[in-house]
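FYI, it's all coordinate maths here, none of it is from the lab. Since the model is a prediction, treat every value here as computed from it, not as a measurement. No Cβ is skipped: glycine too gets one built from the backbone with ideal geometry, and neighbour counts run over all protein chains shown.
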Amino acid sequence: MRSRRIPDFGLFGQVLLIVLFMQGYFAARTIVEDDGIDARANARSILDFEAAIGLDFERAWNSFILDHDVLSSLATVVYVWGYWVSVLAALVFLWFRRRSTYRVLRDALALSAVIGIGFFLLFPVAPPRALDGFTDTVYGGAGGPGRDPPGGTNAFAAFPSYHVGWPAVAGIAVAMTTRRPSFRLLALLPAALLALTVIVTANHYVVDIIGGVVICVLCLWTSITAEKRLSWRAGASRLRPRHA
């Protein structure tokens, strides 16, 4: 009996699958936008909650970066490029290094995307750049959504932050393939840098980061568990005696 695992369809098939997945994900994000009233109210609730527990760093860090042009430019570069480069690089690396871990990461990203869309629909949150007192250093603008990124975006999908969550689980997946501490730290570096840049550029809250990482790690754990079960079933079927 063969395993019921979905076939990989080769590298080209995986590239096509990822492209279609990302197109569907961002298309779904754009249809859950609201008029911004609830999103801004939810954003202020997050800021109030962070203030109550001492995690309201966003305004101070955003103000600091505005006074340092070089740091602001570096933060913008990391924000724009670090996200996609880290995730796609991890997928490519794992495809060639360890196919089972590639599937684990791919499935975790897909599962977290579905969960994220649910949050965007039920709990829209405006990013800090949409509130007074913040300046978006990436797309420009103060006290408003600013200029949307090329291709459009959902201006009220700040929570959870997959801008950090996806690179985090991508780094964890890559780190799982080695025992070298230096390589593991290098794999997790993009997520750490992005966690800093999404705050200083006024695009996410601290709670967004925590929520995004927690959701993505749980999805990664679920994907690992499913992969182990499929591997066990495949091994058991090969060991099962065949009857004449």
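Here are a few things to note about the model shown:
- 5 angstrom amide H check on residue 157, placed H, neighbours 5+ away: 125
- The shape of the stretch 50-143 comes out oblate: with a ≥ b ≥ c from the C-alpha gyration tensor, a/c is at least 1.5 while a/b does not beat b/c.
- Spacing of the two label points (7 Å from each Cα toward its C-beta) at residue 20 and residue 97, in nm: 2.8 nm
- Note on the stretch 43-233: along the principal axes its Cα atoms extend 55, 37, 36 Å, ordered by decreasing extent.
- Here the Karplus curve 6.51 cos²θ - 1.76 cosθ + 1.60, taken at θ = phi - 60°, turns the phi angles of the stretch 110-117 into couplings of 5, 5, 5, 4, 4, 5, x, 4 Hz, with x standing for Gly and Pro.
- Couplings for the stretch 64-81, taken from phi via the Karplus curve 6.51 cos²θ - 1.76 cosθ + 1.60 with θ = phi - 60°, read 4, 5, 5, 8, 10, 4, 5, 5, 4, 5, 5, 4, 5, 4, 5, 4, 6, 9 Hz in order; Gly and Pro are left as x.
- Net charge contributed by nearby residues that have their C-beta within less than 13 Å of residue 224 (K/R +1, D/E -1): +3
- Extension gain from residue 59 to residue 186, taking 0.36 nm per residue of separation minus the Cα-Cα distance: 42.8 nm
- Cut-off 14 Å between beta-carbons: net charge of the residues surrounding residue 60, Lys and Arg +1, Asp and Glu -1: -3
- With θ taken as phi - 60° and the Karplus curve 6.51 cos²θ - 1.76 cosθ + 1.60 applied, the whole-hertz 3J(HN,Hα) list for the stretch 193-204 is 5, 5, 4, 6, 5, 5, 7, 5, 8, 6, 10, 8 Hz, x standing for glycine and proline.
- Contour minus Cα-Cα distance for residue 122 and residue 178 (0.36 nm per residue): 16.3 nm
- A protection proxy built from the mean count of other Cβ atoms within 10 Å ranks the segments 206-219, 182-195, most packed first, as 206-219, 182-195.
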